[in-house]
Amino acid sequence: TLVTHSDLTVCLDADISNITKYAMRDYKSYDDAHHFFYINRFPVFRGYTFNFINRHNYWTYLQDNLDAGEIVYITCENKGETWWSMKKPSCKGIHYHLKDAGYEGIAIHQDSSHQYKEILENPNGVLPGLIEGTSKLCKKYRIKKLQYLITSPTLETGWSCGLQGEEHTFTKTFGLFPGNPRKHYTVHSIRQAVRRARAVKDHYIYINQKDKAPR
């Protein structure tokens, strides 16, 4: 309604696509001159490594990276309702198993977001101190040093953490999309989830689907 009745429409998005352009134009006349689009021609895969992993080895890769001293950002499709199923990775499940294995980290999802307001409101001001172990919030969050952060994609669009050039930041990303409830993923939706950690170059992606190789 706002777009239809507006005198001027300006669309700003890091990953705006033709689908978005067509959808916005459908709200008004296709030839309406009062549409302005800023398109960031960000090279989706240039300079980044995407390693596709499966249900049988994602846990091994995750532990190996943590043991090697990597600071891991994990984004899960689901928050999870139970902790004991590792076949369908979730925020709660992975967090429980990592804590049980002796790793230190935080899981932010719709049930726990109220506990971590400081991170959600100022991630790049808070996370370096947590990773270094110098932040006063370490005691509040009951960690010595942040080794991993788990989030669900329900976070506000545009939320990001881990600045490029920051000494204490994330070094690896795990994007875990079990497809339950099944969703239709696109390059843009997956990239938006995994690229919340801005400084990371190496991404591990798990997408559960019937075909052997993800498309």
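The values are calculated or read from the model by the stated rules, or taken from the named source; none is laboratory data. Only a predicted model underlies this, so the values are computations on that prediction, with no experimental measurement involved. Please note: Cβ atoms are built from the backbone with ideal geometry, for glycine as well, and neighbour counts cover all protein chains shown. Heads up: the accessible areas ignore ligands, DNA and RNA and are worked out on the full protein's heavy atoms, side chains in. Shrake-Rupley method; radii C 1.70, N 1.55, O 1.52, S 1.80 Å.
Applying 1/(1 + (r/R0)^6) with r as the Cβ-Cβ distance of residue 111 and residue 198 and R0 = 35 angstrom yields a FRET efficiency of 0.85. The gain in end-to-end length when the residue 11 to residue 159 segment is fully stretched comes to 51.5 nm, 0.36 nm per residue minus the alpha carbon separation. Peptide packing for 126-139, 88-101 was compared via the average number of neighbouring C-beta atoms within 10 Å per residue; ordered from the highest value, the list is 88-101, 126-139.
Each of 52, 177 has its accessible area taken with a 1.4 Å probe; listed largest first, they run 52, 177. Among the listed pairs 21/88; 88/139; 79/145; 92/136, a Cα-Cα separation exceeding 28 Å is found for 21/88; 88/139.
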